[in-house]
Every structure is written in C-alpha cells, then in structure tokens.
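Engineer: Pasting in a structure now, in structure tokens, and then I'll have a few things to ask.
The values are calculated or read from the model by the stated rules, or taken from the named source; none is laboratory data. None of these values were measured; they are calculated from a predicted model. Reconstructed Cβ throughout: ideal geometry from the backbone, glycine too, with neighbour counts over all protein chains shown.
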Amino acid sequence: MRGKRPAGAKVLLWTVGIAVVVASGTFIAFQVTPWPSALLIRYAFTKDAARVSQALERHVPAGGAARLNERYDPNDSDAYLDIFYPSKVEDSRPTPLTVVWVHGGGWVSGSKDQIANYARILAARGFTVVGVNYTTAPAASYPTPVRQINVALSYLAGNAARLHLDPSGFVLAGDSAGAQIAAQVANIVVVPSYAQAMGIAPSLEPPQLVGVVLYCGAYTLRGINLDGRFGGFLKTVLWSYSGSKNFMTEQRFATASVVDYVTAQFPPTYISDGNADPLLPQSVAFADALASRGVRVERLFFPHDYKPPLLHEYQFDLDTEAGRLALERSTHFLSSLR
C-alpha cells in the first residue's frame, strides 16, 4: 500500500506551484505590456527626483511669488501648471521672458512639482518660469504630451494679462524627456510642414518664441543601442511612449526624431549635457544639426575626462561647480534674448 505524502511535502509542493504560476504570470505580463517595467522605473525616478528637489531647497532665494495649479485645459485632468515670478507681480510690469519648462522622467515619470525649486531659483534671476504637467506614459502615448504643452502655451498666451506675462517673449525649456518634447513643440511653432506632419496647429506665432533651453535630451531614434547596458530601460520607455512594441519601425513615431525636421527657423538655442551621460552624443548631434542650418547655438559641454563625472541631469545639482556653471550660462543666454 502506497504511503501518504507527508503534510509538509504537500505544503512545499503547493508553495512551489504557486510560485511558478506567479512567476509565469509576471513574465507574461512583462512581455505583453510595458506597465510593470514602467512602474518600476517610475518608482526609482520619483525617489531620485525627491532627493534632488530636497537638495535644491537651500538654494531657493527668499521672496518671489507663485500661482500654483492653474488648470490650462478644463477637459484634461492632468492639465495643470505652476507660474513662478521673481517678485510680487500684481503691481509691476511683466518680466521680459516667460520660460516654460517641460519636466523630464523618461516620458513615464515626473511632474511639475519635482522641478518647482529649480523653477523658483531660475525665476529669482529675473524671469517668469512655468512648470507644466503632462500625462506620462503608458497612460497616454505619443504625441499626447506634445499636444498638451502646445495647449499650455495657448492658455498662457491667451491669459497673459491676468497672469502678468509678456506674450511676445516665450522660451521653451526642458530636461531629459522634457527637452525632447520642448524641442518638438518649438519646431511645431516655426516649421509649418512639421506642424502639419504632427497634426498640431501651433499655439504661438514664430516671433513669440524667442529661445529654447535644452538639458540632457534625446532627439533621435537613430543609433540607440537596445542591446547595451541601458537596453532594457530604453525598450520600456520607448514602448510606453510610442504605444508600440515595434517603436523602431512605427511610422507614426518617426516625427519624434526631431533632429530630422529642424530648419534655419529654429529659435536660438542653449544646449548642455554632462560628460558621463549616455545621452551626450544626442545633445552634441542636435547642437551640430542646428548650427549647420545657421541657428544660433550656445553649448555647454565638458571634457571627456572632467571630474567628477557629470551624469544625466547634472544641472540640477547646485552643490557642484558644474551645476552652478550651468545655471549661470543658461541665465546669461536667457538674458541675451531680450
């Protein structure tokens, strides 16, 4: 007569079986949707952004004013922006420039709140600075954030008097994924054929957009290494943002490679990146492309052996000489525009 299986063995078998089912389900989930990987990236990015924001608090000057959580599209639950002024504005003239800053986060993370302290620091230099929220992927795919930033510009220009803005002096700025979005919106404003290809009517007239500030951005799909160290990350964020696992061949996503569409009409541009950022070649190539078309380009790049190595988003670390230099150089560039 065959003996009964011990109770402990049954529990072990059930545990192993459940673990196998869970592991299999998790594996399948990671293959059919970018959500699990995107959420892991978002968690890591959010933690790092909170650390950076906290470190910037001690650099925020006293004074200044702000309008928080202005809703720029009543039909969009994510459409909020913050406006930071160098001082009280109710009884003063608008500043000459309004810098509209698009936050980064790999298209899958980030918010206007994470760049608020940097916006306050920049505003104290004599500018009005706007931080804009947009819907992150995979909840919304390309080109939703581009459309949203365009709507935000329409709101700012249309409410310039109430918001104490000069509608003739907008600058688009951004970091990381936000730099890519900002570059696209800028090109929509100044290149009608690109606006038509995007299916987006620009909210500004070209003379209203007087400059662009870009940090650590990505401007083309060409040459990205999907098998390298950052291959898994790139596959997740580009699948999430494009809305297609076959993003490299997705025709609709081709316009995201904004470097292929810029012309001599692109606004004067300041562009920078750290020497140890994997995206550095993209910033250099974009600066070269603009300069070759006769666009005024101011660059801040560093020697390849610069120490300490400057990583992605180096500009937000104002406790370093390089971070402080980046702020000074971008301030000088902005001041030269008006």
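Engineer: Can you name the residue in region 150-184 that is over 11 Å from the mean Cα position of the chain (by Cα) and surrounded by 24 or more Cβ atoms within 10 Å (Cβ to Cβ) and is also farthest from Gly217 (Cα to Cα) among such residues?
Structural biologist: Restricting attention to region 150-184, the residues satisfying the condition of being over 11 Å from the mean Cα position of the chain (by Cα) are 150-172, 184.
Okay, now just the ones that are also surrounded by 24 or more Cβ atoms within 10 Å (Cβ to Cβ), so 152-153, 156, 170-172, 184.
On the way: Ala152: 21, Leu153: 21, Leu156: 24, Phe170: 20, Val171: 16, Leu172: 13, Gln184: 11 Å.
Top of the filtered list is Leu156.
Engineer: Okay, moving on. List the pairs whose first member sits in region 313-338 and is more than 12 Å from Val52 (Cβ to Cβ) and touching a residue at least 24 places away in the same chain (Cβ under 8 Å), whose second member is among the aliphatic types (A, V, I, L, M) and loosely packed, with under 14 Cβ neighbours inside 10 Å, and whose Cβ atoms are under 8 Å apart, counting only residues at least 6 apart or on separate chains?
Structural biologist: Once the first residue is more than 12 Å from Val52 (Cβ to Cβ) and touching a residue at least 24 places away in the same chain (Cβ under 8 Å) and sits in region 313-338, no partner that is among the aliphatic types (A, V, I, L, M) and loosely packed, with under 14 Cβ neighbours inside 10 Å comes close enough.
Engineer: Here's a follow-up. Would you pick out the residues in region 120-145 that are within 14 Å of Gly178 (Cα to Cα) and buried (at least 21 other Cβ atoms within 10 Å of the Cβ)?
Structural biologist: So in region 120-145, the residues within 14 Å of Gly178 (Cα to Cα) come out as 130-137, 142-145.
Matches in region 120-145: Val130, Gly131, Val132, Asn133, Tyr134, Thr136, Ala137, Tyr142, Pro143, Pro145.
Engineer: Mind checking which residues of region 105-128 are outside any helix (DSSP H, G or I) and not hydroxyl-bearing (Ser, Thr, Tyr)? Walk me through how you get there before you give the answer.
Structural biologist: The initial filter retains those residues of region 105-128 that are outside any helix (DSSP H, G or I), namely 105-111, 124-128.
Selection gives Gly105, Gly106, Trp107, Val108, Gly110, Ala124, Arg125, Gly126, Phe127.
Engineer: Based on what the data block shows, is Gly106 surrounded by 20 or more Cβ atoms within 10 Å (Cβ to Cβ), within 17 Å of Ala218 (Cβ to Cβ), touching a residue at least 12 places away in the same chain (Cβ under 8 Å) and of a type outside the set (A, V, I, L, M)?
Structural biologist: Numbers: surrounded by 20 or more Cβ atoms within 10 Å (Cβ to Cβ): yes; within 17 Å of Ala218 (Cβ to Cβ): yes; touching a residue at least 12 places away in the same chain (Cβ under 8 Å): yes; of a type outside the set (A, V, I, L, M): yes.
Yes, satisfied.
Engineer: In region 235-254, what count of residues is obtained for those that are surrounded by fewer than 20 Cβ atoms within 10 Å (Cβ to Cβ) and either within 19 Å of the chain's Cα centre (by Cα) or more than 29 Å from Thr33 (Cβ to Cβ) (or both)? Spell out how you get there, then give the answer.
Structural biologist: Taking region 235-254 first, the residues surrounded by fewer than 20 Cβ atoms within 10 Å (Cβ to Cβ) are 235, 243-246, 248-252, 254.
Next cut, either within 19 Å of the chain's Cα centre (by Cα) or more than 29 Å from Thr33 (Cβ to Cβ) (or both) only: 235, 243, 254.
Final tally of qualifying residues: 3.
Engineer: Now for a different question. How many residues does region 30-59 contain that are under 24 Å from Phe247 (Cβ atoms) and touching a residue at least 24 places away in the same chain (Cβ under 8 Å)? Even if it seems obvious, please write down each step before you answer.
Structural biologist: Pass one, region 30-59, residues under 24 Å from Phe247 (Cβ atoms): 30-46.
Checking which are touching a residue at least 24 places away in the same chain (Cβ under 8 Å) leaves us with 33-35, 37-38, 41-42, 45-46.
Count: 9.
Engineer: Can you pull out every residue in region 317-338 that is of a type in the set (Gly, Ala, Ser) and either surrounded by fewer than 14 Cβ atoms within 10 Å (Cβ to Cβ) or modelled with pLDDT under 95 (or both)? Let's see the steps before the verdict.
Structural biologist: Going residue by residue through region 317-338, those that are of a type in the set (Gly, Ala, Ser) are 322-323, 326, 330, 335-336.
Once the filter is applied, which keeps residues that are of a type in the set (Gly, Ala, Ser) and either surrounded by fewer than 14 Cβ atoms within 10 Å (Cβ to Cβ) or modelled with pLDDT under 95 (or both), region 317-338 yields Ser335, Ser336.
Engineer: How about region 201-219: which of its residues are within 19 Å of the chain's Cα centre (by Cα) and either part of a loop (DSSP other than H, G, I, E, B) or not aliphatic (A, V, I, L, M) (or both)? Even if it seems obvious, please write down each step before you answer.
Structural biologist: Taking region 201-219 and keeping what is within 19 Å of the chain's Cα centre (by Cα), we get 209, 211-219.
Residues satisfying the conditions are Gly211, Tyr215, Cys216, Gly217, Ala218, Tyr219.
Engineer: Test of understanding: among Ala137, Ala161, which residue is small (Gly, Ala, Ser) and either assigned to a loop (DSSP other than H, G, I, E, B) or under 21 Å from Ser257 (Cβ atoms) (or both)?
Structural biologist: Numbers: Ala161 fails: either assigned to a loop (DSSP other than H, G, I, E, B) or under 21 Å from Ser257 (Cβ atoms) (or both).
Result of the check over Ala137, Ala161: Ala137.
Engineer: Further, regarding this structure: Which of the residues belonging to region 315-335 are of a type in the set (S, T, N, Q) and in a helix (DSSP H, G or I)?
Structural biologist: Of region 315-335, the ones of a type in the set (S, T, N, Q) are 315, 320, 330-331, 335.
Answer for region 315-335, where residues must be of a type in the set (S, T, N, Q) and in a helix (DSSP H, G or I): Gln315, Ser330, Thr331, Ser335.
Engineer: While we're here: Please list, ordered by residue number, the strands (runs of 3 or more DSSP E) wholly in region 24-102 having 2 or more residues that are at pLDDT 95 or above, over 21 Å from the mean Cα position of the chain (by Cα) and at negative phi.
Structural biologist: Working: elements: 65-71, 80-85, 98-102.
Strands (runs of 3 or more DSSP E) meeting the threshold: 65-71.
Engineer: Shifting gears a bit: Which residue out of Pro143, Pro94 is of a type outside the set (Val, Ile, Thr) and either out of contact with any strand residue (DSSP E or B) (no Cβ under 9 Å at 6 or more places or on another chain) or without any contact (Cβ under 8 Å) to a residue 12 or more places away in the chain (or both)?
Structural biologist: Values: Pro94 fails: either out of contact with any strand residue (DSSP E or B) (no Cβ under 9 Å at 6 or more places or on another chain) or without any contact (Cβ under 8 Å) to a residue 12 or more places away in the chain (or both).
That would be Pro143, the only listed residue that is of a type outside the set (Val, Ile, Thr) and either out of contact with any strand residue (DSSP E or B) (no Cβ under 9 Å at 6 or more places or on another chain) or without any contact (Cβ under 8 Å) to a residue 12 or more places away in the chain (or both).
Engineer: Here's another thing I want to ask about it. Taking the condition without any contact (Cβ under 8 Å) to a residue 40 or more places away in the chain, among the polar types (S, T, N, Q) and either within 19 Å of Phe286 (Cβ to Cβ) or buried (at least 23 other Cβ atoms within 10 Å of the Cβ) (or both), does Asn187 pass? Before you say what the answer is, go through the steps one by one.
Structural biologist: Values: without any contact (Cβ under 8 Å) to a residue 40 or more places away in the chain: no; among the polar types (S, T, N, Q): yes; either within 19 Å of Phe286 (Cβ to Cβ) or buried (at least 23 other Cβ atoms within 10 Å of the Cβ) (or both): yes.
For Asn187, the condition - without any contact (Cβ under 8 Å) to a residue 40 or more places away in the chain, among the polar types (S, T, N, Q) and either within 19 Å of Phe286 (Cβ to Cβ) or buried (at least 23 other Cβ atoms within 10 Å of the Cβ) (or both) - is not met.
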